[in-house]
Amino acid sequence: MSKKISIIEVATRLFAAKGIKETSIAEISKLTGAAEGTIYHHFKTKDELFLAILENVKDGILEEFKNYSSEKTYKDGLEQVENMILFYLYLVGKQEEWFYLLQRHYPYELATGNATCRKLLEEIYNCLVDIFENAVVEGINDGSIGDVSPRKTALIIFSMVNGLVWFKIHNLYDTGSLYMELISSCRRMLKK
């Protein structure tokens, strides 16, 4: 693994656990074995490092989805929607630090004045919503889902699932106990 990738991975864990402002370059240096000068060679500022992390998260989500979906077939679009919910929850479990990072306030604070950060956050959320939207369109086309607005419906489904993720990340509720109710709610919403 290259030093740059190692720096991104360690910084992701630290930023997710402690926050960006609370993490020092010295900590990242100590955990990666890279000199602080090496870190600054790759990333001029912590914000630049954070943007590289967001790019890595976006690419990682797309790669995970490609791997997940290449092994799956669905009887219809409704089943595909249900599997996309499962995929999203699986991804959160597998890459918790990505979602801890996305749940922090700092990314959205930075995005208000940093167009690159805003663009990356939009790309991350759009790729997640697109996964649901494609499944809804498939269901409309095969008749397993009623006449709904694909994008708006995908946004609502994503918001419901992401709300459970928020509960999980903040240890506020046993989200596993809500999985079947979430699926039932989606079925009722999508019913033809």
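The values are calculated or read from the model by the stated rules, or taken from the named source; none is laboratory data. Every value quoted in this text rests on a predicted model; they were computed, and no experiment measured them. A quick note on method: Cβ atoms are made from the backbone with ideal geometry, for glycine too, and the neighbour counts reach across all protein chains shown.
Identify, please: which residue in the stretch 140-179 is assigned to a loop (DSSP other than H, G, I, E, B) and either at pLDDT 90 or above or not assigned by TED's automatic domain parsing to the domain that holds TYR125 (or both) and is, among those, surrounded by the most Cβ atoms within 10 Å (Cβ to Cβ)? Across the stretch 140-179, the extreme among qualifying residues is ILE145.
Scanning the stretch 97-115 for residues that are surrounded by 16 or more Cβ atoms within 10 Å (Cβ to Cβ) and within 11 Å of the chain's Cα centre (by Cα), which turns out nearest to LYS58 (Cα to Cα)? That would be TRP98. Residues that are surrounded by fewer than 19 Cβ atoms within 10 Å (Cβ to Cβ) and part of a loop (DSSP other than H, G, I, E, B) are absent from the stretch 116-136 altogether. Of GLU27, GLU63, all but one fail to be among the acidic types (Asp, Glu), over 22 Å from the mean Cα position of the chain (by Cα) and either within 20 Å of GLU96 (Cβ to Cβ) or assigned by TED's automatic domain parsing to the domain that holds GLN103 (or both); the exception is GLU27. Within the stretch 34-42, one or more residues are exposed (fewer than 13 other Cβ atoms within 10 Å of the Cβ) and touching a helix residue (DSSP H, G or I) at 6+ places or on another chain (Cβ under 8 Å). Being in the same structural domain as PHE158 (by TED's automatic domain parsing) and modelled with pLDDT of 95 or more: is that true of GLU71 here? No; evaluated as a whole, the condition is false for this residue. The residues in the stretch 107-143 that are touching a residue at least 12 places away in the same chain (Cβ under 8 Å) and touching a Lys or Arg at 6+ places or on another chain (Cβ under 7 Å) can be counted, and the count is 6.
The helices (runs of 4 or more DSSP H) found wholly in the stretch 13-91 include none carrying at least 1 residues that are charged (D, E, K, R) and at positive phi.
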